[in-house]
Amino acid sequence: MRTMKKSTQPSARASAKKNAVLDTTADVFAQYGFKRTTMNDIAQAAGISRPALYLMFDNKEQLFKELAAYRLDLALREAKAVLEGDGSVSSRFIDAIMVFEKTYTEPVANSPHGAELVDVNMNLATDVMTKGYAKLIAALAKLLKDADKSGEVSFENTPMTYKTFVELLLSSIGGLKKKAGSKAEYRKQTQQVAHVFLSSIIK
């Protein structure tokens, strides 16, 4: 008699509960920073016991890494939804970047502990971040490739590939994060830089 294999996939209810804890954790880290935040702080904010929190995450470092992956996945889904929507190539391209930055980058940048959280992110979640940005780059490059085929843009006069174009643009935007004095200024400069890049290929 064959026995049914127990699923190793988390239930929808368990996943929803874990995501709720991750959402709460993002707020706690933004308020107190990584070093000052304890697992007890997170458990209290999430309305669960500390033992229950440790059943989900082994330690604060693992929790932070999973939070980075969770926020990246959310940012990517929202950006791809914009890319697949209506509007011109230029508007979809820029809006997708803005949505991604708003979801993944701005919550950290707006925190008084932003610099610390960025450092922790680089140390604990570099692999997660690298994979996430690679997916964003691929999605943006695909939009440009499709637009080139349809005649909306042209790469005829540029030696760059679609991927190289996106990578250079995102690198330029990355430099703005350190210089912008406010969220509004950062958004404005991001849009300006994107428009400059796109003006070289838009027909």
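All conditions in (1) farther than 26 Å from Ser182 by Cα; (2) surrounded by fewer than 17 Cβ atoms within 10 Å (Cβ to Cβ); (3) within 11 Å of the chain's Cα centre (by Cα) hold for Val128, with the sole exception of (2).
Does Glu116 fit the bill of being within 15 Å of the chain's Cα centre (by Cα) and not β-branched (Val, Ile, Thr)? Step through it out loud before you land on a result.
Numbers: within 15 Å of the chain's Cα centre (by Cα): no; not β-branched (Val, Ile, Thr): yes.
When the stated conditions are applied, Glu116 does not pass them.
Set side by side, the residues Phe29, Phe34, Phe57 differ, and just one is free of Cβ contacts under 8 Å to residues at least 60 places away in the same chain, of a type in the set (Phe, Trp, Tyr) and closer than 30 Å to Ala134 by Cβ, which is Phe57.
Tell me the helices (runs of 4 or more DSSP H) entirely within the range 4-105 that contain at least 3 residues that are out of contact with any His (no Cβ under 7 Å at 6 or more places or on another chain), buried (at least 17 other Cβ atoms within 10 Å of the Cβ) and at negative phi.
In the range 4-105, the matching helices (runs of 4 or more DSSP H) lie at 12-32, 39-46, 60-83, 89-100.
If you go through the range 158-203 and keep only what is touching a residue at least 40 places away in the same chain (Cβ under 8 Å), surrounded by fewer than 16 Cβ atoms within 10 Å (Cβ to Cβ) and more than 18 Å from the chain's Cα centre (by Cα), you end up with Thr158, His195, Ser200, Ile202, Lys203. Annotation: of all residues in the range 108-132 being among the β-branched types (Val, Ile, Thr) and free of Cβ contacts under 8 Å to residues at least 60 places away in the same chain, the one that is farthest from Thr25 (Cα to Cα) is Thr130.
Read the figures in this text as sums done on the coordinates, not as results from a lab. Here the structure is a predicted model, which means the values were calculated and not measured. Cβ atoms come from the backbone with ideal geometry, glycine included; neighbour counts cover every protein chain shown.
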